[in-house]
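S.K.: Pasting a structure below so you can have a look.
The values are calculated or read from the model by the stated rules, or taken from the named source; none is laboratory data. Keep in mind that this is a model prediction, so the values were computed, not measured. With ideal geometry, Cβ positions are generated from the backbone for all residues, glycine too; neighbour counts draw on all protein chains shown. Each accessible area value is taken on the protein alone, full model and side chains, heavy atoms only, with ligands, DNA and RNA left out. Shrake-Rupley method; radii C 1.70, N 1.55, O 1.52, S 1.80 Å.
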Amino acid sequence: MKRILIIEDNESNLYLTRFILEKNGYQVIAAREGIRGVELAVKEKPDLVLMDIQLPDINGLEAVRRIRASKIDHELPIVALSSYAMVGDRERALAAGCTGYIEKPINPDTFMLEIAKFL
Amino acid sequence: MRGIEKAVEQILCRGLVSLCLLLLYVAICGAAVAADDSMTVRVGIYENQPKIFTDDIGNASGFWPDIIGYIAPKEGWEIEYIHGTWDQCLERLESNEIDMMPDVAYTEERSRLYDFSHEVVYTSWSMVYTRKGVDIQSILDLEGKSIAVLKGSINVEGPDGIKKLVTAFNINCTFTEVDSYTRVFELVKSGEVDAGVTSKDFGYQHETDFNVVKTAIIFQPSPLYFAFPKNSSLTPYLVERIDHRMKGLKQDYGSIYYQSLAKWFGEKHAEESVIPMWLIWALAGTGAIILLLGGGSWLLRSQVRSRTKELIAEIAERKRAEEKLARYRHQLEKLVEARTAELAAKTAEVEKANIHLQEMDRLKSVFLASMSHELRTPLNSIIGFTGVMLQGMTGEVNDEQQKQLTIVKSNAHHLLDLINDVLDISKIEAGRVELSLEEFKLNDVMQDVVQAFSHMVSEKGLRFATEVPENGVLFSDERRVKQVLINLVSNAVKFTDMGTVKVAARVLDGEKLEICVSDTGIGIKEEDMSKLFEPFQQVDMSLRKRHEGTGLGLYLTRKLAELLGGDISAKSQYGQGSEFIFTMPLRYKHQVEV
């Protein structure tokens with residue numbers, strides 16, 4: 001069973017994402033802060049990371065950089081899941097080391113298809 | 001006096017023979033008079049009115065004929081007037097063709113040619129006349145002028161004549177010699193000469209007839225006498241009789257002499273006074289001239305004084321005016337300076353305000369971006385959970401739950417559209433939109449658009465037509481072009497219940513693409529056309545119930561069109577349909593980037 005790490009500070013959104021992923025047969029690990037997320041990513045070695053950008057301690061971009069700076073598998077897919085929809089947000093995320101970028105609000109009908117592309 | 005001297009001279013010259021002859025003449029004449037009551041005396045006559053002239057019916061007339069006419073019957077003379085010019089008369093006198101010539105001024109030269117009576121009959125003055133418009137005031141003004149004169153006249157050739165006069169003043173002028181004073185005036189009148197010399201008496205009579213005017217040049221007082229031929233036996237007799245009669249006439253103030261003077265010259269002559277009248281006149285004239293000169297001088301001086309005063313006043317006035325002008329200029333310069341400073345301050349203010357506005361604009365965009373983010377986060381949960389529940393992931397949903405969840409979903413999506421539009425606009429207005437430029441086929445874009453609406457169009461039973469030029473290639477931002485077209489077609493479909501929605505594209509001038517999106521829908525009222533592209537101005541508020549829209553669609557669409565270097569305009573016939581025309585360059589040019 002594939003394991004997905006969700007780094008998300010908003011309880012409702014974490015609950016939603018976790019619910020959809022678990023319903024679709026994935027194992028979910030969650031972190032509510034950036035630093036904690038980086039620790040789990042390194043320690044738990046998930047198959048995919050869903051990264052919110054706005055977090056209470058370090059932001060998602062910084063967290064991605066730290067994960068990428070660690071000794072874990074450089075192939076680990078990290079997908080940004082953000083409400084930031086300004087021009088450059090996607091580019092900044094990719095430049096920081098993200099593999100993909102999904103805009104919130106998610107489309108429940110297509111969300112799993114998008115996730116599947118990165119696994 | 002002159003007469004006596006002359007007589008003595010004659011006696012001395014001619015000697016006793018002459019004396020004997022004289023006595024003989026007297027005796028013969030006396031006998032003749034006694035024998036025949038009438039003897040013919042030939043008298044020369046020329047035209048010099050009023051002194052002597054031929055009247056309208058051919059009779060001799062004037063002052064001299066009056067005197068002659070008085071004397072002749074007293075002496076028993078038959079007078080035969082021989083008409084001629086002045087020159088002819090003098091010639092005839094010399095050659096003894098006439099016995100007597102009146103109106104002859106005495107000169108040394110003439111005294112050698114003719115004998116003269118002793119009594120002065122009349123004193124004539126001469127005068128220079130001119131015509132109006134010729135400026136001759138004094139003798140000096142004759143310089144360079146042409147002057148008509150009577151040929152052989154004493155006032156021309158005499159010692160005080162005009163010729164001597166101008167020579168004395170060193171004046172050069174030309175003379176035209178004519179046969180009569182009448183001719184003199186004719187020449188003056190006709191302009192053939194500048195001036196003319198006549199006797200004052202002739203001028204007095206005729207100046208108005210010839211329209212000539214007096215000048216101040218009056219000269220040559222000439223005592224006039226009767227003249228007689230030297231070689232005539234009648235002469236001594238005639239001289240004696242004439243002198244005798246003249247004496248008598250001059251002594252009697254009621255005589256024909258004074259009557260005739262009054263009649264012809266309009267003044268009382270006073271040849272008999274101790275001081276001759278002409279001298280009195282001359283003195284009076286001189287006095288008057290002195291007075292005039294003195295007065296003139298005083299007048300001139302006072303004029304100069306007053307003019308000087310005026311000039312000083314004028315200079316002072318001008319100086320004041322200049323100072324005033326300088327003050328005004330100074331004030332004006334100050335004013336201009338002040339206004340310029342004000343303007344500079346205003347400009348700075350405006351610039352400051354402009355910067356402030358730009359900052360406000362930026363802040364607004366930042367604010368909208370933040371708002372967008374904050375709104376999207378809860379919306380993610382709403383849309384996500386609704387979707388999850390509608391998919392049945394949380395268990396079976398009944399029909400009512402399905403219906404209500406669909407309403408939540410629909411409203412959540414509307415809210416999302418609104419947020420997206422606001423975000424797009426804020427991005428464009430903040431100048432933070434980066435176009436992704438590339439070459440693409442217009443056909444591909446059109447196909448995507450058709451596909452996006454095919455379901456909705458067929459559901460509403462509309463016809464969807466497209467006209468696209470083949471091989472149309474654009475260099476622009478494909479996603480934005482598509483966004484514009486989708487917005488326009490979306491509106492067309494939304495507001496059309498039956499008929500056709502048509503998208504027709506064509507290339508203009510090889511540089512521009514024009515895409516017309518027309519429909520057969522409800523159309524737009526004339527008064528709403530201007531509000532069409534304003535934000536939150538869905539024209540017919542009642543339509544909002546049926547056709548949900550963000551109210552930002554056309555506003556954003558125009559912004560996008562402008563972003564692409566193009567524009568959008570609209571035409572509509574209310575109730576019959578609308579037409580939106582989107583033009584854009586085939587190839588995007590960077591200088592028009594927003």
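S.K.: Summing Lys, Arg as +1 and Asp, Glu as -1, what charge do residues with Cβ under 14 Å from the Cβ of B:Asn471 carry, B:Asn471 excluded?
M.R.: Around B:Asn471, the surrounding residues sum to -1.
S.K.: What are the semi-axes of the equivalent ellipsoid of the stretch B:186-243, taken as the square roots of 5 times the eigenvalues of the Cα gyration tensor, listed largest first and rounded to whole Å? Intermediate values should be presented prior to the final figure.
M.R.: On the way: eigenvalues 254, 33, 22 Å².
Taking √(5λ) for each eigenvalue gives 36, 13, 11 Å, largest first.
S.K.: In the stretch B:305-403, how does Rg compare with the Kirkwood Rh, expressed as the Rg/Rh ratio over alpha carbon atoms?
M.R.: 1.83
S.K.: Another question about this same structure. Against the globular-protein guess of 2.2 N^0.38 Å, express the Cα radius of gyration of the stretch B:176-278 as a ratio, rounded to two decimals. Intermediate values should be presented prior to the final figure.
M.R.: On the way: Rg = 17.4 Å, N = 103, 2.2 N^0.38 = 12.8 Å.
Here the Cα radius of gyration is 1.36 times the empirical estimate.
S.K.: I'd like the Kirkwood hydrodynamic radius of chain B, using the inverse of the mean 1/r over distinct C-alpha pairs, in Å.
M.R.: 36.9
S.K.: Something else about it: Roughly how tilted is helix B:2-35, in degrees to the nearest 10 and between 0 and 90, from the longest Cα axis of chain B?
M.R.: For helix B:2-35, the angle is close to 70 degrees.
S.K.: Where q = 0.10, 0.16 Å⁻¹, what log10 of I(q)/I(0) comes from the Debye formula for the stretch B:242-379, counting one point per Cα?
M.R.: -0.77, -1.02
S.K.: For the protein assembly as shown, restrict the atom set to alpha-carbon positions and state the Rg and Dmax in Å.
M.R.: Rg then Dmax for the protein assembly as shown, in Å: 68.9, 199.
S.K.: Next question. Given bins 5 angstrom wide, list per bin the percent of all Cα-Cα distances in the stretch B:417-464, short to long.
M.R.: Histogramming the stretch B:417-464 at 5 Å steps yields 5, 16, 12, 13, 18, 20, 11, 5, 0 percent.
S.K.: Another question, if that's okay. Can you tell me the Rg and the Dmax, both Å, for the Cα atoms in the stretch B:427-516?
M.R.: So, for the stretch B:427-516, Rg and Dmax equal 14.3, 41 Å respectively.
S.K.: Moving to a separate point now. How big a patch of accessible area, both sides summed and in Å² to the nearest 100, lies buried between A and B at a 1.4 Å probe?
M.R.: Looking at A and B, the buried total is near 2000 Å².
S.K.: Rounding to the nearest 20 debye, state how big the charge dipole of chain A is about its Cα centre with +1 on each Lys and Arg Cβ and -1 on each Asp and Glu Cβ.
M.R.: Dipole size: approximately 320 debye.
S.K.: Calculate the translational D of the stretch B:56-144 in whole µm² s⁻¹ from Stokes-Einstein, where the hydrodynamic radius comes from the Kirkwood formula applied to all Cα pairs, the temperature is 37 °C and the viscosity 0.692 mPa s.
M.R.: Calculated translational D: 202 µm²/s.
S.K.: Also, quick follow-up: Can you check what the Kirkwood hydrodynamic radius comes to for the stretch B:332-388, Cα pairs only, in Å to one decimal?
M.R.: Across the stretch B:332-388, the inverse of the average 1/r is 15.2 Å.
S.K.: Relative to the longest principal axis of the C-alpha atoms of chain B, give the angle of the C-alpha long axis of helix B:200-210, reported between 0 and 90° and rounded to the nearest 10°.
M.R.: 40
S.K.: Counting pairwise Cα distances across chain A, what percent come out greater than 20 angstrom?
M.R.: Of the Cα pairs, 33 percent sit more than 20 Å apart.
S.K.: Then there's this: Here are some pairs, B:Lys74/B:Lys230; B:Lys427/B:Lys512; A:Lys2/A:Lys117; B:Lys512/B:Lys559; A:Lys104/B:Lys403; B:Lys346/B:Lys559; which of them have Cα atoms lying more than 21 Å apart in this structure?
M.R.: Pairs exceeding the cut-off: B:Lys74/B:Lys230; B:Lys427/B:Lys512; A:Lys104/B:Lys403; B:Lys346/B:Lys559.
S.K.: Let me ask another. Over the C-alpha atoms of the stretch B:49-102, what are the Rg and the largest Cα-to-Cα span, Dmax, in Å?
M.R.: In order Rg, Dmax, the Cα atoms of the stretch B:49-102 give 11.4, 30 Å.
S.K.: Also: Along the charge dipole of chain B, pointing to its positive end and built from +1/-1 on Cβ of Lys, Arg, Asp and Glu, which listed residue (B:Ala430, B:Ile581, B:Gln88) has its Cα farthest out?
M.R.: Of the options given, the answer is B:Ala430.
S.K.: Once phi is turned into ³J(HN,Hα) by the Karplus curve 6.51 cos²θ - 1.76 cosθ + 1.60 with θ = phi - 60°, what whole-Hz value does each residue of the stretch B:281-296 show in order, with x for glycine and proline?
M.R.: 3J(HN,Hα) across the stretch B:281-296, in whole Hz: 4, 4, 4, 4, x, 4, x, 4, 5, 4, 4, 4, 4, x, x, x.
S.K.: Taking only Cα atoms, what is the 0 to 90° angle, nearest 10, from helix B:256-265's long axis to the longest principal axis of chain B?
M.R.: In chain B, helix B:256-265 runs at an angle near 20 degrees to the longest axis.
S.K.: Answer with one residue from B:Ser302, B:Ser233, B:Leu292: the one whose Cα lies farthest towards the positive end of the charge dipole of the stretch B:161-314, charges on Cβ with Lys, Arg +1 and Asp, Glu -1.
M.R.: The one lying farthest along the dipole's positive direction is B:Ser302.
S.K.: Semi-axes of the equivalent ellipsoid for the stretch B:157-200, please: Cα gyration tensor eigenvalues, times 5, square-rooted, ordered largest first, whole Å.
M.R.: Its equivalent ellipsoid spans semi-axes of 20, 12, 8 Å.
S.K.: Continuing with the same structure: Using the crude model of +1 on Lys and Arg Cβ and -1 on Asp and Glu Cβ, and no other charge, please compute the dipole size for chain B relative to its Cα centre, in debye to 20.
M.R.: Working: 67 positive and 85 negative charges, 381 e Å.
Charge dipole, chain B, about its Cα centre: 1840 debye, nearest 20.
S.K.: I need the phi-derived Karplus couplings for the stretch B:304-312: 6.51 cos²θ - 1.76 cosθ + 1.60, θ = phi - 60°, integer Hz, Gly and Pro marked x.
M.R.: 4, 4, 5, 5, 4, 4, 4, 4, 4
S.K.: Turning to a different aspect of this structure: So what are the ³J(HN,Hα) numbers for the stretch B:102-112, from phi and the Karplus equation (6.51, -1.76, 1.60; θ = phi - 60°), rounded to whole Hz, Gly and Pro as x?
M.R.: Working through the residues one at a time gives x, 6, 10, 7, 7, 9, 4, 4, 5, 5, 7 Hz.
S.K.: Name the residues whose placed amide hydrogens come within less than 5 Å of the amide hydrogen of B:Phe175, ignoring near sequence neighbours (fewer than 5 apart) on the same chain.
M.R.: It is B:Ile147, by chain and number.
S.K.: Then there is this: Viscosity 0.692 mPa s, temperature 37 °C: Stokes-Einstein D of the stretch B:136-178 from its Kirkwood Cα radius, in µm² per second? Mind dumping the intermediate values first?
M.R.: Details: Rh = 10.4 Å.
Calculated translational D: 316 µm²/s.
S.K.: Return one whole number: the accessible area per residue of chain B in Å², for a 1.4 Å probe.
M.R.: 55
S.K.: Once you charge only the Cβ atoms, +1 for Lys and Arg and -1 for Asp and Glu, what is the size of the charge dipole of the protein assembly as shown about its Cα centre, to the nearest 20 debye?
M.R.: 2440
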